[in-house]
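Asks: Sharing a structure, written as structure tokens. Questions coming.
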Amino acid sequence: MIVDPNIKIAARIINEGGLVAFPTETVYGLGANALNPLAVAKIFELKERPSFDPLIVHIASINELEKLTVNKDERVLKLAEKFWPGPLTIVLPKSNLVPDIVTSGLDTVGIRMPNNPIALELIRKSGCPI
């Protein structure tokens, strides 16, 4: 576990509906609480991202798949256990917990567990998917 006061500050910003830049194994991303539609809207606005371009939801535990998706396929869990954390995005039918703005109105959500200790600690400290 990383002990960094900046991660606590970033987690607080996420919890207050703000945005933070954070590293993944491939890029730096702009993150918000993925369950807060107003915070997610700020990502689209700031990046001038088209509303038809869905976001990837980052998690820190495979257990989070259960609340974000309606997946019941054990093969998905086997894939996640083998390749996560890592640069694999799994697209599954979303649960009602995931706001439509995150998925650009699609019935599916892309989920990833980044292989970066800072990103994972930020997600854990935030207590929400980013």
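Asks: Do we find a residue being under 29 Å from LYS8 (Cβ atoms), out of contact with any Leu (no Cβ under 8 Å at 6 or more places or on another chain) and open to solvent by less than 50 Å² (accessible area, probe 1.4 Å) anywhere in the stretch 111-118?
Replies: yes
Asks: So, one more: Out of SER95, SER126, I need the residue that is over 17 Å from ILE9 (Cβ atoms), of a type in the set (S, T, N, Q) and touching a residue at least 24 places away in the same chain (Cβ under 8 Å). Which one?
Replies: Of the residues listed, the single one that is over 17 Å from ILE9 (Cβ atoms), of a type in the set (S, T, N, Q) and touching a residue at least 24 places away in the same chain (Cβ under 8 Å) is SER95.
Rundown of residues vs (1) farther than 19 Å from LEU122 by Cβ; (2) at pLDDT below 95; (3) touching an Asp or Glu at 6+ places or on another chain (Cβ under 7 Å); (4) not aromatic (Phe, Trp, Tyr), yes/no style:
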site	(1), (2), (3), (4)
GLU25	no, yes, no, yes
GLY31	no, no, no, yes
ALA41	yes, no, no, yes
SER51	yes, yes, no, yes
PRO54	yes, no, no, yes
ASP73	yes, yes, no, yes
ASN96	yes, no, no, yes
PRO99	yes, no, no, yes
LEU106	yes, no, no, yes
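Asks: For the stretch 19-58: of the residues being under 16 Å from PRO85 (Cβ atoms) and either hydroxyl-bearing (Ser, Thr, Tyr) or touching a Cys at 6+ places or on another chain (Cβ under 8 Å) (or both), which is least open to solvent (accessible area, probe 1.4 Å)?
Replies: Once the filter is applied, the top-ranked residue is THR24.
Asks: In the list ILE2, ILE9, which residue meets the criterion of being closer than 14 Å to ALA119 by Cα, surrounded by fewer than 14 Cβ atoms within 10 Å (Cβ to Cβ) and at pLDDT 95 or above?
Replies: It is ILE9.
Asks: Search the stretch 66-83 for residues that are free of Cβ contacts under 8 Å to residues at least 60 places away in the same chain and of a type outside the set (Ser, Thr, Tyr) and pair each with any residue that is open to solvent by 50 Å² or more (accessible area, probe 1.4 Å) and in a loop (DSSP other than H, G, I, E, B) when their beta-carbon atoms are under 6 Å apart and the residues are at least 6 apart or on different chains.
Replies: Every condition considered, the pairs that remain are LYS67/LEU97.
Asks: I want to confirm something. Restricting to the stretch 86-105 and keeping residues that are among the polar types (S, T, N, Q) and touching a Gly at 6+ places or on another chain (Cβ under 9 Å), which single residue is most open to solvent (accessible area, probe 1.4 Å)?
Replies: THR89
Asks: Separate question: Answer yes if at least one residue in the stretch 78-100 is more than 20 Å from THR24 (Cβ to Cβ), aliphatic (A, V, I, L, M) and in contact with a Lys or Arg (Cβ under 7 Å, 6 or more places away or on another chain), and no otherwise.
Replies: Yes, because at least one residue in the stretch 78-100 is more than 20 Å from THR24 (Cβ to Cβ), aliphatic (A, V, I, L, M) and in contact with a Lys or Arg (Cβ under 7 Å, 6 or more places away or on another chain).
Asks: Follow-up. Could you please find all residues in the stretch 44-58 being in contact (Cβ under 8 Å) with a residue 24 or more places away in the chain and farther than 20 Å from ASP107 by Cα?
Replies: LEU46
Asks: Would you point out the residue of the stretch 59-85, among those that are more than 15 Å from THR108 (Cα to Cα) and among the basic types (Lys, Arg), that is most open to solvent (accessible area, probe 1.4 Å)? Don't jump to the end; show me each part of the working.
Replies: Residues of the stretch 59-85 more than 15 Å from THR108 (Cα to Cα): 59-64, 74-75, 77-85.
Those left that are additionally among the basic types (Lys, Arg): 75, 78, 82.
Details: ARG75: 169, LYS78: 141, LYS82: 153 Å².
Filtering the stretch 59-85 for residues that are more than 15 Å from THR108 (Cα to Cα) and among the basic types (Lys, Arg), the one most open to solvent (accessible area, probe 1.4 Å) comes out as ARG75.
Asks: Next up: Just checking, which of ILE118, ILE130 is among the hydrophobic types (A, V, I, L, M, F, W, C) and more than 22 Å from ARG49 (Cβ to Cβ)?
Replies: So the residue among ILE118, ILE130 that is among the hydrophobic types (A, V, I, L, M, F, W, C) and more than 22 Å from ARG49 (Cβ to Cβ) is ILE118.
The values are calculated or read from the model by the stated rules, or taken from the named source; none is laboratory data. This structure is a prediction, so every number in the text was calculated from the model and none was measured. With ideal geometry, Cβ positions are generated from the backbone for all residues, glycine too; neighbour counts draw on all protein chains shown. Ligands, DNA and RNA are stripped out before the accessible areas are found, and what is left, the full protein with its side chains, is counted by its heavy atoms. Shrake-Rupley method; radii C 1.70, N 1.55, O 1.52, S 1.80 Å.
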